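Where a number appears in this text, it was derived from the coordinates with a stated rule and is not lab data. These numbers were taken from a predicted model, which means no experiment stands behind them. Virtual Cβ from ideal backbone geometry, glycine too; neighbours counted across all protein chains shown.
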Amino acid sequence: MEGARFVIENGIKVKYNYRGEIRTGYIQNIGSSRKGFAKFEFVGTNNNGQITTYHTQSGKKFWKTINGKNVPVINPAE
């Protein structure tokens, strides 16, 4: 949980759609994969702000998680 809290405190806040709900997530770049894709730590929260997931992702799966489709753009939340 210490790693997840670090990402929340130092990462980029984003909004993403999860099962029809807009959730808040936090991302932090941790380098790139062997294939050259950016690799990120991702922390997802529920509507109460509680951490629900913490993992690393890269490539299509990451972009689909935060954008709903494979668009390599980070849109920070307010």
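One table, with the values for the structure above:
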read-out	value
Approximate shape of segment 16-58 as ellipsoid semi-axes (Cα gyration tensor, √5λ), whole Å, largest first	24, 10, 7
Net +/- balance of residues flanking Thr56 in space, Cβ distance below 13 Å, scoring K and R +1, D and E -1	+1
Whole-number D in µm² s⁻¹ for segment 35-76, Kirkwood Cα-pair radius fed into Stokes-Einstein, 20 °C, 1.002 mPa s	193 µm²/s
Label-to-label distance, nm, for residues given as Glu21 and Val71 (7 Å Cα→Cβ offset)	2.4 nm
Highest-first arrangement of 53-59, 71-77, where packing means the average Cβ count within 10 Å	53-59, 71-77
The chain - convex hull of alpha carbons, volume per residue in Å³	88 Å³
Length added when fully stretched, Met1-Asn29, from 0.36 nm per residue minus Cα-Cα	8.3 nm
